[in-house]
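The values are calculated or read from the model by the stated rules, or taken from the named source; none is laboratory data. Predicted model, so just to flag it, every value in this text is computed and none were measured. All Cβ positions, even for glycine, are placed from backbone atoms using ideal geometry, and neighbour counts span all protein chains on display. The area values use the complete protein model at the heavy-atom level, side chains included, leaving out ligands, DNA and RNA. Shrake-Rupley method; radii C 1.70, N 1.55, O 1.52, S 1.80 Å.
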Amino acid sequence: MQQGMTEELYQHVDAYRERDEFDAAGKLAIEYAERFVFEHRDLDAAFFDRMRQHFDDRQILELTVLIGFCVGIGRTLAVLDIANDCELNLAKEPIPGP
């Protein structure tokens, strides 16, 4: 996987807060994606101040566009009932592992 992401780490991204393998910037990027999906109206100036401690404006824009694309394509595939190889988790709680 790219950028040092292992399959093991990818499988535990839902537990990013407890995983030492994610650095502060990685945890914040995951938090951003999570909040973008579930709490986008609550992304305030204080949150973006935290983002600017780890990312410049261009990186924030790139991350925002990527998250938006992934959310959009995911919803498109769900609406069209395409590629349902993975369970969809529409709740904030992660799906329990095997």
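Restricting region 30-73 to residues that are surrounded by 11 or more Cβ atoms within 10 Å (Cβ to Cβ) and of a type in the set (S, T, N, Q) leaves a set whose member that is nearest to His12 (Cα to Cα) is Thr64. Open to solvent by 100 Å² or more (accessible area, probe 1.4 Å), modelled with pLDDT under 80 and of a type in the set (S, T, N, Q) - does that describe any residue in region 2-20? Yes, region 2-20 contains a residue that is open to solvent by 100 Å² or more (accessible area, probe 1.4 Å), modelled with pLDDT under 80 and of a type in the set (S, T, N, Q). Within region 29-43, residues that are under 19 Å from Gln59 (Cβ atoms) reach partners that are open to solvent by less than 60 Å² (accessible area, probe 1.4 Å) and hydroxyl-bearing (Ser, Thr, Tyr) with beta carbons closer than 7 Å, at six or more positions or on different chains, in the pairs Ile30/Tyr16.
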